[in-house]
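Scroll down for the structure; my scribbles are underneath it.
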Amino acid sequence: MPGILTKTRTTLAMIKWEHSIFALPFALIAMLLAAHGFPRARTVAWILVAMVAARSGAMAFNRWADAELDAANPRTRMRAIPAGLLSRRFVFGFTVIAALVFVAAAGELNRLALELSPVALAVLFGYSYMKRISRWSHLVLGLALGLAPAAAWIAVRASLDPRILVLTAAVTLWVSGFDVLYACQDYDHDCAAGLRSLPQSAGIPAAFWAARAMHLAMLALLVWFGVLFHFRAPGWLGIAAVAALLSYEHALVSPRDLRRLNAAFFTMNGVIAIVFLGFVAADLWLRR
């Protein structure tokens, strides 16, 4: 039993389950808008299962695919596989199980969700190899999380409204922007290993400007999203709060000082997602 508990804790640490907070609030926003309130409990439950399974599988696959790269990077060499805490075989098996759970959950939601589930998995798993191919790998990671609101809409409606794709684009740029910042700390390793990223190809100062541009574009998309869904005061306050929090996030780090990057990346982005969900939920509640 102690061995099982230890392995479970290690697996949860590997997939960083707590970071589900990034995409999940945006999926819930789409769910609430699609249902004009709160959908059936069964739908909510299967959306949560699908979200957790998809993200868990994607993180595990990334750790499996990057095991050798992680072992060579001083920042990541203590991750589960390089450190010998989990075997590659176990992690691959975990990935397969998570993917099957995701597909099963999609099937429980509706036929369109089931038919599109392989497409979602292709994006989620494909990201792991993009840094070997393109400096724009950040956008693929952004899309992997940005699919969450579109997927949640499909889960509720069994159809896709083009308006929700504006939120998908906003989330894509939001995640891409903070991933560009996060990649700055791997600049030396990426250059030595031949891996591609915006910091590696354009330099850290230019990468910071790219991240700022992505986040400004994200805010513009949120404004468009608010217009499309007829936001009232709480919704607009939510967008203003996101803008203020993003400004604070960028104030925490600079090209010459990355010491508070983890606070900017993990803490602030989790707060941004939850705060925006709260304001949009309040907007919908007031309409009712």
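Among the residues of segment 81-109, those that are of a type in the set (Val, Ile, Thr) and crowded, with 17+ Cβ neighbours inside 10 Å comprise ILE81, VAL91, THR95, VAL101, VAL103. Of the residues making up segment 196-227, those that are over 12 Å from PHE178 (Cβ atoms), of a type outside the set (A, V, I, L, M) and surrounded by fewer than 22 Cβ atoms within 10 Å (Cβ to Cβ) number 7. Summed over segment 8-33, the residues that are more than 21 Å from THR76 (Cα to Cα), surrounded by fewer than 19 Cβ atoms within 10 Å (Cβ to Cβ) and modelled with pLDDT of 80 or more give a count of 0. Within segment 118-136, the set of residues being touching a residue at least 24 places away in the same chain (Cβ under 8 Å) and closer than 14 Å to ALA53 by Cα comprises ALA120, LEU121, LEU124, PHE125.
Listed by position, the helices (runs of 4 or more DSSP H) enclosed by segment 157-207 that each have at least 1 residues that are at pLDDT 90 or above and in contact with a Lys or Arg (Cβ under 8 Å, 6 or more places away or on another chain) are 164-183, 198-202. Within the set LEU112, LEU147, LEU139, the sole residue that is under 28 Å from LEU173 (Cα atoms), surrounded by fewer than 17 Cβ atoms within 10 Å (Cβ to Cβ), in contact (Cβ under 8 Å) with a residue 12 or more places away in the chain and among the hydrophobic types (A, V, I, L, M, F, W, C) turns out to be LEU112. Scanning segment 261-284 for residues that are at pLDDT below 80 and surrounded by fewer than 17 Cβ atoms within 10 Å (Cβ to Cβ) gives LEU261, ASN262, ALA263, THR267. Evaluate segment 214-225: report whether one residue or more is of a type outside the set (D, E, K, R), out of contact with any Cys (no Cβ under 8 Å at 6 or more places or on another chain) and closer than 22 Å to LYS131 by Cα. Yes - at least one qualifying residue is present in segment 214-225. The condition (being surrounded by fewer than 21 Cβ atoms within 10 Å (Cβ to Cβ) and not in a helix (DSSP H, G or I)) is satisfied by just one residue among HIS250, HIS230: HIS230. Please determine whether any residue of segment 105-124 is assigned to a helix (DSSP H, G or I), touching a Ser or Thr at 6+ places or on another chain (Cβ under 9 Å) and over 25 Å from LEU33 (Cβ atoms). No, every residue in segment 105-124 fails to be assigned to a helix (DSSP H, G or I), touching a Ser or Thr at 6+ places or on another chain (Cβ under 9 Å) and over 25 Å from LEU33 (Cβ atoms). Within segment 271-288, residues that are touching a residue at least 60 places away in the same chain (Cβ under 8 Å) and under 15 Å from GLU249 (Cα atoms) sit with their Cβ atoms under 8 Å from residues that are charged (D, E, K, R) and assigned to a helix (DSSP H, G or I), at 6+ positions apart or across chains, in these pairs: ILE272/GLU249.
The values are calculated or read from the model by the stated rules, or taken from the named source; none is laboratory data. Just so we're clear, the structure is a prediction, and the values are computed from it rather than from any experiment. Virtual Cβ from ideal backbone geometry, glycine too; neighbours counted across all protein chains shown.
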